[in-house]
1. Return the residues of region 17-53 that are hydroxyl-bearing (Ser, Thr, Tyr) and modelled with pLDDT of 95 or more; say none if nothing qualifies.
2. Considering only residues of region 145-154 that are more than 17 Å from the chain's Cα centre (by Cα) and surrounded by 11 or more Cβ atoms within 10 Å (Cβ to Cβ), which is farthest from Val64 (Cα to Cα)?
3. Considering only residues of region 9-18 that are part of a strand (DSSP E or B) and either touching a residue at least 12 places away in the same chain (Cβ under 8 Å) or among the small types (Gly, Ala, Ser) (or both), which is farthest from Asp47 (Cα to Cα)?
Amino acid sequence: SDRNYTDAKLNLFRGTVNSGCGRASSAMGPFYCPADSEVYIDETFFDELSSRFGAPGDFAQAYVVAHEVGHHVQNLLGISDDVQRLSSQNPDQANQLSIRLELQADCLAGVWAHSVYADDSADRGLEQGDIEEGIGAAAAVGDDRIQEQATGRIDPESWNHGSSDQRVKWFKVGFDGGKADQCDTFGVDQP
């Protein structure tokens, strides 16, 4: 986008944490706070990602971090502000806008994975199995899968991140193409 990039800060915590967005607990899961440009992850979430969600591996963890940094990129580009404004103007569209924002963050995580996969240096390159871990993590945290595990039923009307299939699809779009401009989840009829 021909803009300067400012790194997000990673804040690992256990239990609860004070963020620029207020006090948060591990029950929230990983999140990005635009007020302080920090990614917050309770360290125990990675254990839960493996045991509860069935997505083990170091790249599954990297996918989670990359997804949250994707929200940082959206914040820097003004996309998050646009979605918040549109959600306020059209409350009946807020949930669908939230899903598109989340899927775009998945796509941006895929773009990052593409850049790392393409880097053949010994200390940064990824193997195909790593990408499968990322895809597995994207599928594991789909709203449909989480709801079914928790309640035994699936209610698409209450989703805010997208289905497993949608999350995998958009991660793959980013990974396969390697370009952020392919991550326009707002410009398609069905994300």
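The values are calculated or read from the model by the stated rules, or taken from the named source; none is laboratory data. Since the structure is predicted, the reported quantities are computational estimates derived from the model, not experimental observations. Note that each Cβ is placed from the backbone with ideal geometry, even for glycine, and that neighbours are counted across all protein chains shown. When the accessible area is computed, the model is the full protein with side chains, heavy atoms only, and any ligands, DNA or RNA have been set aside. Shrake-Rupley method; radii C 1.70, N 1.55, O 1.52, S 1.80 Å.
1. Narrowing region 17-53 to residues hydroxyl-bearing (Ser, Thr, Tyr): 19, 25-26, 32, 37, 40, 44, 50-51.
Ser19, Tyr32, Ser37, Tyr40 - these are the residues of region 17-53 that are hydroxyl-bearing (Ser, Thr, Tyr) and modelled with pLDDT of 95 or more.
2. Of region 145-154, the ones more than 17 Å from the chain's Cα centre (by Cα) are 147-154.
With the extra rule that they be surrounded by 11 or more Cβ atoms within 10 Å (Cβ to Cβ), the set shrinks to 147-149, 154.
On the way: Gln147: 19, Glu148: 21, Gln149: 20, Ile154: 23 Å.
Here the answer is Ile154.
3. Step one: filter region 9-18 for residues part of a strand (DSSP E or B), giving 9-13, 16-18.
From what's left, either touching a residue at least 12 places away in the same chain (Cβ under 8 Å) or among the small types (Gly, Ala, Ser) (or both): 9-13, 17.
Numbers: Lys9: 22, Leu10: 18, Asn11: 17, Leu12: 14, Phe13: 14, Val17: 18 Å.
For region 9-18, the residue satisfying everything is Lys9.
Rundown of residues vs (1) farther than 18 Å from Gly57 by Cα; (2) open to solvent by 80 Å² or more (accessible area, probe 1.4 Å); (3) free of Cβ contacts under 8 Å to residues at least 12 places away in the same chain, yes/no style:
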{"position": "Trp112", "(1), (2), (3)": "no, yes, no"}
{"position": "Tyr117", "(1), (2), (3)": "no, yes, no"}
{"position": "Ile131", "(1), (2), (3)": "no, no, no"}
{"position": "Ala137", "(1), (2), (3)": "no, no, no"}
{"position": "Asp143", "(1), (2), (3)": "yes, no, no"}
{"position": "Glu157", "(1), (2), (3)": "yes, yes, no"}
{"position": "Ser163", "(1), (2), (3)": "yes, no, no"}
{"position": "Gly177", "(1), (2), (3)": "yes, no, no"}
